[in-house]
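K.L.:
The structure follows.
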Amino acid sequence: MKKEALPFGAVALQGSSLFSFSLEDLRACAKTDLELANELIERLIQVALVKERREREFLTLSPYERYCSLRDQAPEILENVTQADIVLYLGVTPVALSRMKGRAMRSKN
């Protein structure tokens, strides 16, 4: 939207199909296609809800509680994403993540 390069990138962990189109083209199509416009609104709402939950968790939960939330709500992430990325996502050190995993395992027993 600002016509600037993004400060981050993405890596597909599984086979993916990507489509590329300009924001201007997307807006033009949404103006004439009510179904597309409604789908975009729903997707934007979902993105906003995820971002709000993540921000709320960073403000109100401890790192361990954030780890447990991730484990409970999206266990596939812990199985498919590198430990380095999980550390960055949770905002902890590798040592802290290791300790949280151990604590979680002990609390299951």
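K.L.:
Among the residues of the range 29-52, write down those that are surrounded by 12 or more Cβ atoms within 10 Å (Cβ to Cβ) and either modelled with pLDDT under 95 or out of contact with any helix residue (DSSP H, G or I) (no Cβ under 7 Å at 6 or more places or on another chain) (or both).
P.N.:
Listed by number, the residues that qualify are ASP33, GLU39.
K.L.:
At positive phi and either part of a helix (DSSP H, G or I) or surrounded by fewer than 10 Cβ atoms within 10 Å (Cβ to Cβ) (or both): does that describe LYS3?
P.N.:
Yes, satisfied.
K.L.:
Restricting to the range 30-62, count the residues that are outside any helix (DSSP H, G or I) and small (Gly, Ala, Ser).
P.N.:
Number of matching residues: 1.
K.L.:
Still on this structure: Determine if the range 63-86 includes at least one residue that is surrounded by fewer than 12 Cβ atoms within 10 Å (Cβ to Cβ), at positive phi and outside any helix (DSSP H, G or I).
P.N.:
No: zero hits.
The values are calculated or read from the model by the stated rules, or taken from the named source; none is laboratory data. None of these values were measured; they are calculated from a predicted model. Cβ sites come from the backbone with ideal geometry, for glycine too, and all protein chains shown count toward neighbours.
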